[in-house]
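*Asks:* Handing you a structure now.
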Amino acid sequence: MMGSTFAIVALGLTLVFGILRIPNFAHGQLYMLGGYVTYAALVSYGFGYWPAVAASTAVLALTGIVVERLAFRPLRNQSQINSFISAIGVMMILENGVVVLWGPQGHLVPQPYPGTITIFGIITSYQRLLVIVVAVGLIIALNLFIKKTIFGAAIEAVAQNREGAALMGININRVSAATFAISAAAAGVAASLLAPIFLVSPGMGDMLGMEAFVIVILGGLGSIPGAILGGYILGLIEVLGGGYISADYKDVFAFGALVLVLAFKPTGLFGREEG
Amino acid sequence: MGTISFIKMRWYYLALLCIFLLFPLIVTNRYLVLVAIMSTISAVAAASMNLILGYTGQFSLAQAGFFGIGAYGVAILTTHGVSFWLALPVSVLVAAAVGLLIGLVTLRMRGAYFAIATMCFGVIVVIVAGAWINLTGGYTGINLIPKPNPIPLPFMGQINFSSQIAQYYLVLACLLLTLFVMYRLVFSLKGLSLMAVRDNELLAEAVGVNTFAAKLLSFVVATVFTALVGGVYASLMGTLTPDAASLNLTFDWIIYVFLGGVASLAGPVIGTYAITFLMEYLQALADYRLIVFGVILILVITYLPRGMVGVWDDLVRKVRVFRASPPSGTVAAPADRDPEGGRI
């Protein structure tokens, strides 16, 4: 289940990082925002669960567009480092904004489908099962979107050669905005799914954001299968390593693994050489 | 460059220096002096960050990790009876060794990858600090870290570090040391290689600059000073938790550097003081602090990439051009003579 979550979040990030070459450090915070919107919708506005998820997706998509327009588009032609720094700024704004609006404590999100179910001898809650099901569905949907639709083709074109794509009449701005929107929305869905299981808190996105980077780099920038695979693998590493070796150091494995991989293959496992 | 012309050119820096030196003697508000002490510590960290970031163009997010190593080193050693003046160099050496190792591993990567790898290292330090309970006291940290041992002066008794004034001068000394070393480094041939790496690494390699060595050098030097001031921080604060190595510190320093002016010696220092003192006066905005920082960061990086120092420079330059232009408004204005030979 954690693998599925990682996979969705990583998917969003690889779209933005790999295709738009924007290191969206704030991706974890977007995820967190999704959680909070879900919480607000459910608790403060009394939405049903699925409408809340839809609301979170919509709000996140909008936020993604705004962030892209304000924080990243002006820096498009400068070095990646500047985008990185801008992302840090976005990160601060989102995290502090959430604290201002909802307070620094965690919030409990009511479970839409309480209860557990036993499958093949494994007892799991409905919610966790839901996460996996929706995640897989989302991944398939996104994959189909990118591969089979014209817009998906446009996104790939921009990834391969920005100027060429522009020459072909593709509106880069619109593609950027849409990609960001999809990326943010994916994060929002992931958060909505996970919110009833864990608390919604300002810090929920921190680790996840960084781990998403780990996955994306390990899986190769811009590679969707890489992100998905990486997500599930990391989920496994964390859970197994945490369970069998040491719970405290579980994050260290992931990060340490990344440093090691990058040391030997500076552009990631399946990465392309970037000039 | 002659000393007199140097002074004429940079009189504002000398003025600033005098203010810094006399600050605790003039200001009697203990709280303000405390703020100044903390700011100076951050200024050292920001300045050394600037060495890798501004002058060598590498975006390292590991600085807070080294700060933490320096801090924990001093904390652990002094709480076991070692004198501060021995613990500090030892911690710095340890941090430098770690820095060397990390640098060797990560400096082969470019741009965003390097940033992420160093970020991972920084996070690992925090996690280890929190989890290695026997050594570091876990998340509750180490308490009762003693102040630096008094230094006996030949005829005047001793410098006792319980006094705020002594503490202030200690950190000021660190800052001046850092700036001095950076100054000598940046304005030397080595410094030129660093900037070559920043501006066009491939070209620098092609021309024969050993870019890896240059990057490693600036990385380790930055580590040394960050760890140094980390150790001082631990001793002056008295308690230490893994927060001291957290990524948020690195982000704070990044803001100071960028607001003040990347790639200038004074920039980070100015940026640090500007923001910390501003934040003190804007206590009402404390909750919104990060939002303000975030907005400032985005605005600065988009519109004022050279920070406050850049703005000041542009102003000074405009004034100079204005003064130097011939009064009859002839067509050819004299070329902007920059007697400093290029503002670095």
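The values are calculated or read from the model by the stated rules, or taken from the named source; none is laboratory data. Keep in mind it's a predicted model, so treat the numbers as computed, not measured. When we count neighbours, we look across all protein chains shown, and the Cβ atoms used for this are built from the backbone with ideal geometry, even at glycine. Note: accessible area is taken over every heavy atom of the protein model, side chains too, but ligands, DNA and RNA are not part of it. Shrake-Rupley method; radii C 1.70, N 1.55, O 1.52, S 1.80 Å.
*Asks:* Which of the residues that make up the stretch B:297-323 are aliphatic (A, V, I, L, M) and open to solvent by 50 Å² or more (accessible area, probe 1.4 Å)?
*Replies:* B:Leu299, B:Leu304, B:Met308, B:Val311, B:Leu315, B:Val319, B:Val321
*Asks:* Okay, moving on. Which residue pairs have Cβ atoms closer than 9 Å, lie 6 or more positions apart in sequence or on different chains, and pair a first residue in the stretch A:95-106 that is farther than 16 Å from A:Ser44 by Cβ with a second residue that is open to solvent by less than 60 Å² (accessible area, probe 1.4 Å) and aromatic (Phe, Trp, Tyr)?
*Replies:* A:Asn96/B:Phe293
*Asks:* Shifting gears a bit: State whether one or more residues within the stretch B:54-68 are at negative phi, assigned to a helix (DSSP H, G or I), modelled with pLDDT under 85 and within 16 Å of the chain's Cα centre (by Cα).
*Replies:* yes
*Asks:* Could you check, for the stretch B:202-212, whether at least one of its residues is buried (at least 24 other Cβ atoms within 10 Å of the Cβ) and either farther than 22 Å from B:Gln167 by Cα or in contact with a helix residue (DSSP H, G or I) (Cβ under 8 Å, 6 or more places away or on another chain) (or both)?
*Replies:* Within the stretch B:202-212 (the criterion being buried (at least 24 other Cβ atoms within 10 Å of the Cβ) and either farther than 22 Å from B:Gln167 by Cα or in contact with a helix residue (DSSP H, G or I) (Cβ under 8 Å, 6 or more places away or on another chain) (or both)), the answer is no, since none of the residues qualifies.
*Asks:* Only one residue in B:Phe121, B:Phe84, B:Phe114 is at the interface with chain A (Cβ under 8 Å from one of its Cβ atoms) and among the aromatic types (Phe, Trp, Tyr), so which one is that?
*Replies:* After ruling out the rest, the residue left standing is B:Phe121.
*Asks:* If B:Gly260 meets every condition in (1) closer than 24 Å to B:Cys18 by Cα; (2) open to solvent by 20 Å² or more (accessible area, probe 1.4 Å); (3) of a type outside the set (A, V, I, L, M, F, W, C) apart from one, which number is that one?
*Replies:* So B:Gly260 meets the others, but not (2).
*Asks:* Would you mind listing the helices (runs of 4 or more DSSP H) fully within the stretch B:132-210 where at least 3 residues are aliphatic (A, V, I, L, M) and at pLDDT below 85?
*Replies:* Once the helices (runs of 4 or more DSSP H) in the stretch B:132-210 are filtered for at least 3 residues that are aliphatic (A, V, I, L, M) and at pLDDT below 85, what remains is B:164-186, B:189-199, B:201-207.
*Asks:* Specify which of the listed residues (A:Ile8, A:Ile22) is surrounded by 22 or more Cβ atoms within 10 Å (Cβ to Cβ), more than 14 Å from chain B (Cβ to nearest Cβ) and not charged (D, E, K, R).
*Replies:* Of the residues listed, the single one that is surrounded by 22 or more Cβ atoms within 10 Å (Cβ to Cβ), more than 14 Å from chain B (Cβ to nearest Cβ) and not charged (D, E, K, R) is A:Ile8.
*Asks:* Oh, and also: If the requirement is being in contact (Cβ under 8 Å) with a residue 40 or more places away in the chain and touching a strand residue (DSSP E or B) at 6+ places or on another chain (Cβ under 6 Å), which of these qualifies: A:Gly3, A:Gly18, A:Gly35?
*Replies:* Going through A:Gly3, A:Gly18, A:Gly35 in turn, the sole match is A:Gly35.
*Asks:* Of the numbered conditions (1) modelled with pLDDT of 85 or more; (2) among the hydroxyl-bearing types (Ser, Thr, Tyr); (3) under 20 Å from B:Gly238 (Cβ atoms), B:Ser48 fails exactly one; give the number of that condition.
*Replies:* (3)
*Asks:* In the stretch A:224-275, what residues are at positive phi and either modelled with pLDDT of 65 or more or open to solvent by 40 Å² or more (accessible area, probe 1.4 Å) (or both)?
*Replies:* If the condition is that a residue be at positive phi and either modelled with pLDDT of 65 or more or open to solvent by 40 Å² or more (accessible area, probe 1.4 Å) (or both), then no residue fits.
*Asks:* Evaluate the following for A:Val43: is it touching an Asp or Glu at 6+ places or on another chain (Cβ under 9 Å) and either free of Cβ contacts under 8 Å to residues at least 40 places away in the same chain or open to solvent by 40 Å² or more (accessible area, probe 1.4 Å) (or both)?
*Replies:* No.
*Asks:* So, one more: In this structure, is A:Gly48 at negative phi and surrounded by 24 or more Cβ atoms within 10 Å (Cβ to Cβ)?
*Replies:* no
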